Structures are given as C-alpha cells and as structure tokens.
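S.K.: Sharing a structure, written as structure tokens. Questions coming.
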Amino acid sequence: MLRLQGDAVDAINPSVELTEAERIDRLRLIRSDNVGPRTFRSLVDHFGSPRAALERLPDLARRGGAQRSGRICSADEAKAELAAGRKFGIAWRTPGEDGYPTRLAMIDDAPPLLAVRGDAKTLMRPMIAIVGSRNASGAGLKFAGLLARELGEAGFVVISGLARGVDQAAHRTSVESGTVAVLAGGHDCIYPPEHGDLLAAILDHAGAAISEMPLGHEPRARDFPRRNRLISGASLGVVVVEAAHRSGSLITARMAAEQGREVFAVPGSPLDPRAAGTNDLIKQGATLVTEAADIVNAVAPIMERPLMIPASEPDSEPFESDPKGHDRDQITGLLGPTPISIDDLVRMSGASPAIVRTVLLELELAGKLERHGGGLVSLI
C-alpha cells in the first residue's frame, strides 16, 4: 500500500497573514444577521473589503424589504469574541493562512474565519474523512477503527465529527497518528458531552479541532449539516461506514460529491438497515472499500496534482447598483418555498444575471431568502 513520505502536506500558495483590524472586520461581517459564508464572499468580492460591505448592509436589507436593518456585529463584540477565544486556546484562521485546511478553502461556502485549536501542522496534512452510523454494529466499529489505523500508518490524517459510533471509533484509533475533530457547536460546547475526554486526547497528541461557531454556541439540528460540509470539504475523500437511509452520513457523502471529493462506501449485509445507505452509495458509483489500500490507491493521483488557492478576484458578473422595481417584482414573483435554480430565475425573468444576483442578495440580507446546495434558492 502506498505511504506518504514524511509529513506530507497539500501544495498551497504562500501563506497570507491578516492584520488584527482585518480579522475584526471579517468577524464582524460573518457574525452580522443574514450573512452566511456565500453571502460574505459575494459582498467582499463586490465591495472590495469586509469593512466596505459592512457599511452597505443596512441599505441592501432595506431594498430587500426589511422593515429595519438586521443586527450588525460591532467592533467591540468582535474584539471580545477574539479575546475570549484566545483565552480558550483558539486561533482564528482565514483561507490562505497556516492552520486553515487548504482543501476546505476551495469550497464555495468556506468559513471566512475558522476557530482552530491544536496543532496547525496537522490541519495542513492530507486528510481522509471517516463517518457513519451513531448506532453502529460491533463489526462496523471495528472496521472503522481498522481503516483509521491503516490510513494513519499510510500518513493520512483522519477527520470526523466527534459523534457517537463510527466517528468516535475512527478518532480513537487515529489519535497517535493524527486526527481532526469538526465541531457543530462552539469549542466549549462539545457534543456529545461524554466525548470531552476524546477531544482532550486528540489535542494532547498533536491533533486538532475546528469550528466556525462562537464560544457558547450549543449545537442545534441544523448545525450538523453545516458541520458536515467542513468534514467533506477539508478531505480528499469521505469514507462511509454503515449508514441507514436518510442518514446524516449520506448528507456528508452528497456534499463530498458536490465538492468534487472522492466518495467511498463500505458494503454491508442487505439484511442490516444500517448498511442500506452505504450499499445504495455503491450502486450510485461510490468506490467500494474493503481495505485501506482501496482508499489510498484512489486518492494517489489526486495527491500528485498541486493544489492552489485561487487569488480572490471580483465577481465576473457584478451586481446591479439599484435594480428597477419591476425587475424586483418579477424575480420575487418567481420565488416561493420550493427551491429554484438561479439559472432558471435568470431565464424565466428575462433579467440579467447581475440584476437577479442583486435582488437575491437584498432578499437574503432582509432575512427573506434561503440558499441551498447546487445553486438553489427559496423564500423563507
């Protein structure tokens, strides 16, 4: 089986380093109401900087129909969050900085700031995600641990979500070789609580933990899919070990495919509902895994290609400065609770892509629009 030479790292651009003022501005923007990672990126690309975008938020929200502007995170609030994080051992990293996983920086909705604890060098090494059922079988737990150990021996870092079942089995077996825990809540809100000792062991053995949430944030149901995109985004590929139909692990596999990552699945008995999802993944084209070599050999060609973070450039399709009322009415009238693609909105409305994107941004900042994967949007 192929093994990585030394402490292999992903090929990256020269590291950038933000000033404290720039870090505060980025945190202020992402912590402001109705600004998610995609919206953050659109705003900064269009207005040139987080500070310039912050100044435009009230006007854009008003144009989207908001009765009053959403809360804008103040500089004092951002400074306090950064200071509290440092006391907790957190380093706030941005795409392109050491300690921010290079492949994670490539996804469309990469966190503008990532709260990192542990060894930054581990976060720069090639990662393989192992996820699966929380209610895993004994065989599933044993095989997840075996894969994690062999991947660690081959030089890979194992990344997972610190959950019960397959996640914890993968973490525990790869503590010595390097593992990364992705948290759904803040660094002080570990879920499940009984895995606090596991997280401590990870951090004590040159592992790492990452989160995009502030301290004090208790994970909610909707936070786990957000966490899952980080697991898949940071990795070369995602291995699913036992997953029932409609499992959260299948969401991670879908996100991995959308992000251009490799998807692997461990087959199981057709009589075990915990294997129904993984068996379906194999039918859909996921790589069947019976040993770690299947994974290592599949990602070897990817490892040979240098990975570079593209320089931030303004959008090729700029926003419209102030769309006309009839354009807003036309676009808004086509929206509803059922997701629709932005391309379809452009085609059906007859408006330019710039106008459609501007109206959608206004609606989002007014708290009226939800973005989904695959370029889909809907009204809230």
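S.K.: Return the calculated 222 nm mean residue ellipticity for the chain, to the nearest 500 deg cm²/dmol, obtained by summing -39500 (n - 2.57) across DSSP H runs with n ≥ 4 and dividing by the residue count.
M.R.: Roughly -12500 deg cm²/dmol at 222 nm, from the helical runs in the chain.
S.K.: In region 123-220, what percent of the accessible surface is made up of carbon and sulfur (1.4 Å probe, ligands and nucleic acids excluded)?
M.R.: Carbon-and-sulfur percentage of accessible area, whole number: 51.
S.K.: Whose amide H sits under 5 Å from the amide H of Ala136, counting only residues 5 or more places off or on another chain, with H placed in the peptide plane?
M.R.: Result for Ala136 returns Val166.
S.K.: Also: Give me the base-10 log of I(q)/I(0) for region 1-116 at each q in 0.20 Å⁻¹, Debye formula, one uniform scatterer per Cα, rounded to two decimals.
M.R.: Here log10 of I(q) over I(0) equals -1.14.
S.K.: So if R0 is 25 Å, what FRET efficiency would Arg305 and Ala120 give, r being the distance between their Cβ atoms, rounded to the nearest 0.05?
M.R.: Computed FRET efficiency for Arg305 and Ala120 comes out at 0.60.
S.K.: Determine, for each peptide in 163-175, 198-210, 63-75, the mean count of other beta carbons within 10 angstrom over its residues, then list the peptides with the highest first.
M.R.: So the order, starting with the most tightly packed, is 163-175, 198-210, 63-75.
S.K.: Please compute one quarter of the surface area of the Cα convex hull for region 178-233 and express it in square nanometres.
M.R.: 3.7 nm²
S.K.: Express the carbon and sulfur contribution to the solvent-accessible surface of region 1-105 as a percent, rounded to the nearest whole number, probe 1.4 angstrom.
M.R.: So the carbon and sulfur contribution to the accessible surface is 49 percent.
S.K.: Assigning unit charges at the beta carbon (Lys, Arg +1; Asp, Glu -1) and nothing else, what dipole magnitude in debye, to the nearest 20, does region 213-255 show about its Cα centre?
M.R.: Charge dipole of region 213-255: 180 debye, to the nearest 20.
S.K.: If the cut-off is a Cα-Cα distance under 25 Å, which lysines reach Lys283, setting aside same-chain residues fewer than 8 apart in sequence?
M.R.: Cα-Cα hits under 25 Å: Lys142.
S.K.: Mind listing the long-range amide H neighbours of Ala66? Cut-off is under 5 Å, sequence gap 5 or more, other chains count too, H placed in the peptide plane at 1.01 Å from N.
M.R.: Residues meeting the amide H criterion: none.
S.K.: Return the equivalent ellipsoid semi-axes of region 173-284 as a descending list in whole Å, where each equals the square root of 5 times an eigenvalue of the C-alpha gyration tensor.
M.R.: Three semi-axes, in Å: 26, 16, 14.
S.K.: Which value in nm describes the separation of the simple spin-label points at Arg51 and Asp76, placed 7 Å from the Cα toward the beta carbon?
M.R.: Placing both labels 7 Å along Cα→Cβ, they lie 2.0 nm apart.
S.K.: Return the lysines within reach of Lys368: Cα separation strictly under 23 angstrom, same-chain partners fewer than 8 residues apart disregarded; answer none if there are no such residues.
M.R.: Straight-line reach from Lys368, under 23 Å: Lys324.
S.K.: Can you tell me what the convex hull of the Cα atoms of region 121-204 projects to on average, as an area in nm²?
M.R.: 5.1 nm²
S.K.: Can you compute 3J(HN,Hα) from phi for each residue in region 353-370, using the Karplus curve 6.51 cos²θ - 1.76 cosθ + 1.60 with θ = phi - 60°, rounded to whole Hz and x for Gly and Pro?
M.R.: x, 5, 5, 4, 5, 5, 4, 5, 5, 4, 5, 5, 5, 7, x, 10, 10, 10
S.K.: Under the 0.36 nm per residue contour assumption, what length would be gained going from the current alpha-carbon distance of Leu271 and Arg86 to full extension?
M.R.: Taking 0.36 nm per residue and subtracting the Cα distance, the gain is 61.6 nm.
S.K.: While we're here: What is the local net charge at Ile295, summed over the other residues whose Cβ is closer than 14 Å to its Cβ (Lys, Arg +1; Asp, Glu -1)?
M.R.: Counting the neighbours of Ile295, the net charge comes to -2.
S.K.: Could you sort the peptides 76-86, 336-346, 242-252, 152-162 by per-residue average Cβ neighbour count (10 Å cutoff), highest mean leading?
M.R.: Result, highest mean Cβ count within 10 Å first: 152-162, 242-252, 76-86, 336-346.
S.K.: Also, quick follow-up: Under 25 Å between alpha carbons, and skipping anything fewer than 8 positions from Lys79 in its own chain: which lysines qualify?
M.R.: Straight-line reach from Lys79, under 25 Å: Lys87.
S.K.: Could you work out how far apart the two model spin labels at Glu176 and Thr290 are, taking each label as a point 7 Å from the Cα in the direction of the beta carbon, and quote it in nm?
M.R.: Modelled inter-label distance: 2.8 nm.
S.K.: Heavy atoms only, probe 1.4 angstrom, no DNA, RNA or ligands counted: give me Ile190, Ile295, Ile380 ranked by accessible area, highest first.
M.R.: Listed by decreasing accessible area, they come as Ile380, Ile190, Ile295.
S.K.: So how long is each side of the chain along the principal axes, counting just the alpha-carbon atoms, biggest first, in Å?
M.R.: So the extents along the principal axes, rounded to whole Å, are 61, 46, 39.
S.K.: Considering only protein heavy atoms, what per residue accessible area in square angstrom results for region 119-248 with a 1.4 angstrom probe?
M.R.: 33 Å²
The values are calculated or read from the model by the stated rules, or taken from the named source; none is laboratory data. Remember, it's a predicted structure, so these values are computed and weren't measured experimentally. Please note: Cβ atoms are built from the backbone with ideal geometry, for glycine as well, and neighbour counts cover all protein chains shown. Surface accessibility is based on the protein's heavy atoms, side chains included, excluding ligands, DNA and RNA. Shrake-Rupley method; radii C 1.70, N 1.55, O 1.52, S 1.80 Å.
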